[in-house]
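This report concerns only the one structure given below.
Throughout, read-outs are computed from the coordinates displayed, never taken from laboratory work. Here the structure is a predicted model, which means the values were calculated and not measured. When we count neighbours, we look across all protein chains shown, and the Cβ atoms used for this are built from the backbone with ideal geometry, even at glycine.
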Amino acid sequence: MNPKTTFNRRDLIKRGTGGLLATAAATSLSTQSAFGATQGSEVTHGRIRQSIMGWCFRDHMDAVTLAKHCKEIGLVAMEGISPDDYPAVRDLGLEISLVSGNHGFAKGPCNPEYRQLVINGLREGIDLAKAVNCKNVITFTGMRYDGMDDEKSTRYCLDTWKEVVPYAEANGITLVLEHLNSRDDTHPMKGHPGYFGDDVDFCVDLIKQVGSENFKLLFDIYHVSVMNGDVIRRIRKYHPYIAHYHTAGNPGRGELDDTQEINYPPILREILKTGYTGYVAQEFIPTWDDPIAALRHAAKLCDV
């Protein structure tokens, strides 16, 4: 296989992954890092199924190189990468933990202009998720807009999601609504000013109103810390509605180190107490000189 060959999501859905996985076997499996020599796994307990949001490392390495490091460190899955990279990543033995709903956090169902775009995008995401044996597809409320009526926009969200949920149920896929903070305006991926679903309590209320086991919450610990706080209490209260978790340091969305205020080990232990068996994806933006060392640190810290 030419390593530059790409496949779009329709290729993956139409052709399945069998043939693509076979051709991906020709890809080199070397794990030598430009940042230092390879090392062993940081995950010894494995009670937390750790994944990674690939976009965070995009400035440092390509997705397949990152996947090789993840496999070595002890992570079990990846998300936030191009579907073009799914075959090679899965061939390395990693799972795909989350698939895009293909409508983004800006063009969401709170704006009726994007209703059909959201419906089509989520259906495409469901098809892709099923093709690669992933159980979760991400969705968002969308951004506020001029002349917006909150009550009407809430109804637009519910009506749009309810249009898609039966398709998710029929295919065994869960749509996960991500709560995002609207407070941090320093970086386009550290905060999202104007995001409609910026209150995690409101997002849970939306989930309750949709009323399906196939529509749940993506609990991003960083965003909840920024907007609401009281993270452990909310995990205890809302765990029946949670289907996915993300991590990052606060403030700054950096590493899970001693420069930030979130104490991750007790949070991860609380997640385990709820009986959660899904993924916890690392979604910090690396600032250390060695981003793989940062990932190793986070994986070990969260391996409670």
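Which lysines does Lys216 reach when only Cα atoms under 21 Å apart count, and residues fewer than 8 places away in its own chain are ignored?
Counting by Cα, and skipping residues close in sequence, Lys216 has these lysines nearby: Lys107, Lys130, Lys135, Lys162, Lys208, Lys237, Lys273.
Taking the inverse of the average 1/r across all pairs of different Cα atoms in the stretch 153-276, what Kirkwood radius in Å do you get? Kindly include the intermediate steps, with their values, before the conclusion.
On the way: mean 1/r = 0.0658 Å⁻¹.
It works out to 15.2 Å.
I need Tyr241, Tyr276, Tyr222, Tyr145 ordered by Cβ neighbour count within 10 Å, fewest first. Intermediate results must be reported in sequence, preceding the final value.
Details: Tyr241 17, Tyr276 20, Tyr222 27, Tyr145 13.
Fewest to most other Cβ atoms nearby, the residues stand as Tyr145, Tyr241, Tyr276, Tyr222.
Taking the Cβ of each residue in Ser182, Ser82 as the centre, tally the other Cβ atoms inside 10 Å and list the residues starting with the fewest.
Details: Ser182 19, Ser82 16.
Going from sparsest to densest Cβ surroundings: Ser82, Ser182.
Label the stretch 50-90 by shape, choosing from rounded, prolate and oblate, from the square roots a ≥ b ≥ c of the eigenvalues of the Cα gyration tensor; if a/c is under 1.5 it is rounded, and otherwise prolate applies when a/b is larger than b/c, oblate when it is not.
Numbers: a/c = 1.43, a/b = 1.15, b/c = 1.24.
The shape class here is rounded.
Write down the percent of antiparallel bridges among all DSSP beta bridges whose residues are both part of the stretch 9-302, to the nearest 5. Could the numbers behind the result be given before it?
Numbers: 2 of 26 bridges.
Around 10 percent antiparallel, to the nearest 5.
Mind listing the long-range amide H neighbours of Cys134? Cut-off is under 5 Å, sequence gap 5 or more, other chains count too, H placed in the peptide plane at 1.01 Å from N.
HN-HN under 5 Å from Cys134: empty list.
Would you work out if the chain is rounded, prolate or oblate? Take a ≥ b ≥ c from the square roots of the eigenvalues of the alpha-carbon gyration tensor; rounded if a/c is under 1.5, else prolate when a/b is larger than b/c, oblate otherwise.
The shape class here is oblate.
For each of Ile81, Ile126, count neighbouring Cβ atoms within 10 Å of the residue's Cβ, then give the residues from fewest to most.
Ile81, Ile126
Place a +1 charge on the Cβ of each Lys and Arg in the stretch 9-302 and a -1 charge on the Cβ of each Asp and Glu, then give the dipole magnitude about the Cα centre in debye, rounded to the nearest 20.
Details: 32 positive and 38 negative charges, 186 e Å.
The calculation lands at about 900 debye.
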